[in-house]
Amino acid sequence: MNFFIVVLLSTVNTGSNHIYVVTDPTFETLDQCSEYGTANLGNVLEGMRRATGQAEWDKVACVDTQMLEYMLKNSLPEGIDA
């Protein structure tokens, strides 16, 4: 199973969920993901800022493939498939 670093973006007053997914690197274990995320938080957030143009974030988490698929499915508008 793969794990990914996910940044939950701050969505004040928008009523929608936005996420930024770090796709490189991916990790084989939750511990590897957590250790990398902790050690490289600044780089992860800078990548998110460059990609989204948004500086505000709520949470950073490591999630497995199944949870990522669920998050993507539930963050997209109706009628759009992940």
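The values are calculated or read from the model by the stated rules, or taken from the named source; none is laboratory data. Computed from a predicted structure; not experimentally measured. Using ideal geometry, Cβ is built from the backbone for each residue, glycine included, and neighbour counts are taken over all protein chains shown.
On the given criteria, is Ala61 among the small types (Gly, Ala, Ser), modelled with pLDDT under 90 and either outside any helix (DSSP H, G or I) or within 14 Å of the chain's Cα centre (by Cα) (or both)?
Working: among the small types (Gly, Ala, Ser): yes; modelled with pLDDT under 90: no; either outside any helix (DSSP H, G or I) or within 14 Å of the chain's Cα centre (by Cα) (or both): yes.
Here the answer is no, as Ala61 does not meet what is asked.
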Selected residue (criterion: nearest to the chain's Cα centre (by Cα)) from residues of region 22-54 that are exposed (fewer than 11 other Cβ atoms within 10 Å of the Cβ) and not in a helix (DSSP H, G or I): Thr23
